[in-house]
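One structure is given here, and the rest of the page talks about it.
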Amino acid sequence: LASHTTVKTQADSPAMGIILDEPKYKVIDSAPGLAKCFGNCSFEDMKIAAGATFAATTYGCLAGKGVKGMAGPSAYMGLAIGVTAGALLAYQNSAGRLMGFKENPDEVAKFTRMKRPYLD
């Protein structure tokens with residue numbers, strides 16, 4: 001039996017999504033990965049994530065107070081929802097700046113100093 005292996009590259013994979021809008025700002029990375037997006041999160045992104053977490057946890061606690069013994073579990077559920085929502089909002093904002101859909105002067109300065117070859 002002859003074995004045949006092929007190496008699949010990212011270029012061979014189908015696109016995960018199609019973006020129809022044109023970037024309005026300088027593109028740093030047209031398809032940033034998870035680590036790059038979370039590594040690029042700004043203090044503003046962290047404030048949004050913390051605010052979503054706090055708001056959802058508080059709402060969960062208050063919503064569960066009416067039923068005996070449900071304030072704690074309800075608060076934990078709110079915490080899980082808030083952390084997830086906050087992380088997704090931070091990711092979306094960071095990816096938008098890296099892809100040039102949001103204002104990104106700090107990212108352009110940072111990645112220009114690093115002399116990345118993918119900057120125009």
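The values are calculated or read from the model by the stated rules, or taken from the named source; none is laboratory data. Just so it is clear, the model here is predicted, and its values are computed rather than measured. All Cβ positions, even for glycine, are placed from backbone atoms using ideal geometry, and neighbour counts span all protein chains on display. Ligands, DNA and RNA are stripped out before the accessible areas are found, and what is left, the full protein with its side chains, is counted by its heavy atoms. Shrake-Rupley method; radii C 1.70, N 1.55, O 1.52, S 1.80 Å.
For the pair region 78-103 / region 39-54, the C-alpha centres are spaced 8 Å from each other. Each other residue within a Cβ distance under 15 Å of LEU89 adds +1 if Lys or Arg and -1 if Asp or Glu, for a net charge of +1. You can think of it this way: the chain between LEU62 and ALA109 has 12.5 nm of extra reach, that is 0.36 nm per residue less the Cα-Cα gap.
Taking all protein chains together, LYS102, LYS24 sort by accessible area into LYS24, LYS102, largest first [probe 1.4 Å].
Specify whether the C-alpha gyration tensor of region 33-115 places it in the rounded, prolate or oblate class, a ≥ b ≥ c being the square roots of the eigenvalues: rounded for a/c under 1.5, otherwise prolate if a/b is larger than b/c and oblate if not. Since a/c reaches 1.5 and a/b is larger than b/c, the shape of region 33-115 is classed as prolate.
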